[in-house]
Amino acid sequence: MSKAIQKTKGNKIDKSKTGKLNLLDINTNALTAALNDLAVPRLFYQLVIFVLDGSGSMTYPGISGNSKGEEVENAVKKVIERLINSKNKNSFDISFWAYANESVKISSISPVESFNLNQSINPCDFIQKYDGTNLISTLVSVKKECEDYLKLNKLKNAQALVVILSDGALDEYEESSKLCDSIKELDNTSVSSIFYESKTWQENYQVQDITILKKDMENLASDSSLYTSTLDPEEIRKHMIKSISTVSKID
């Protein structure tokens, strides 16, 4: 080391006789602590609301052998885990609803970073009255949730995405469809829909009935790219990721 460089005294950094700063004398612990305190700026405010069917048919086995409710829970948790590991994780907020004969708020709006992957979001765990599939009261609450979120963040880059999943015919479909349309009319709000097909359809439905059910679910989505119909929970996961990425305008 040059004789011109002086030793530091305490936490102070002395200048050398040449007027140059000796970087070896910087308190690296203090610098590291300061950098750790820096928060990554939030680029946008994206709310994702999962609206999950908890009717009796969701307790039937899916293609994995687990119940369809469990398959949906696993698919959604993989989506959440991906968001948690995303570079934009601090830009996402999430909430969960279950519906059947009743409407149940599984979880209020919270940052995706704070989500506990061990908590249950299987819609069947939260529904007690499950012999129907009524989405109306849930959509009323979800619309209010979107309005409140967008109002709270009106001066920011904010948007909302509602992900609706059902595995059968919705009760009072026309009213549900109208409510869904009113949600889609909100500024910066989109709806994605998923028709979770059943292995037992060929036993219980005519082909023309299946076609109608699929079309009804597709009409709930903001556009056809935000709709899918599948037997495979892995395809459900992929569709959710695609929908979130499309609406959030991220990779």
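Computed over region 147-251, the P(r) curve from all C-alpha pair distances, binned at 10 Å from the origin, holds 14, 42, 31, 11, 2, 0 percent per bin.
With 0.36 nm allotted per residue and the present C-alpha distance subtracted, the Glu185-Leu43 stretch has 48.7 nm of extension available. Relative to the Cα centre, the charge distribution of region 55-191, modelled as +1 at Lys and Arg Cβ and -1 at Asp and Glu Cβ, gives a dipole magnitude of about 660 debye.
Starting from the eigenvalues of the Cα gyration tensor, five times each then square-rooted, give me the equivalent ellipsoid semi-axes of region 103-202, largest first, whole Å.
Gyration-tensor ellipsoid for region 103-202: 25, 19, 12 Å.
In the context of the full protein assembly, Thr246 retains an accessible surface of approximately 80 Å², using a probe radius of 1.4 Å and ignoring ligands and nucleic acids. Calculate, in whole percent, how much of the Cα-Cα pair population of region 51-123 lies beyond 14 Å. Within region 51-123, distances greater than 14 Å cover 61 percent of Cα pairs. In the structure shown, the pairs Lys129/Lys151; Lys143/Lys238; Lys89/Lys214; Lys87/Lys199; Lys78/Lys143; Lys105/Lys238 are assessed against 27 Å; a Cα-Cα span above that value is assigned to Lys129/Lys151; Lys89/Lys214; Lys87/Lys199. Taking amide H as placed 1.01 Å from N in the peptide plane, Gly62 has its amide H under 5 Å from the amide H of Ser67, Lys68, each at least 5 places away in sequence or on another chain.
Restricting region 107-210 to GluC sites (Glu not before Pro) that sit in a DSSP loop and have at most 14 other Cβ atoms within 10 Å of their own Cβ leaves Glu172, Glu185.
The values are calculated or read from the model by the stated rules, or taken from the named source; none is laboratory data. Bear in mind the structure is a predicted one, so any value in this text is a computation, not a measurement. Virtual Cβ from ideal backbone geometry, glycine too; neighbours counted across all protein chains shown. Accessible surface is based on the protein model in full, side chains and every heavy atom, while ligands, DNA and RNA are left aside. Shrake-Rupley method; radii C 1.70, N 1.55, O 1.52, S 1.80 Å.
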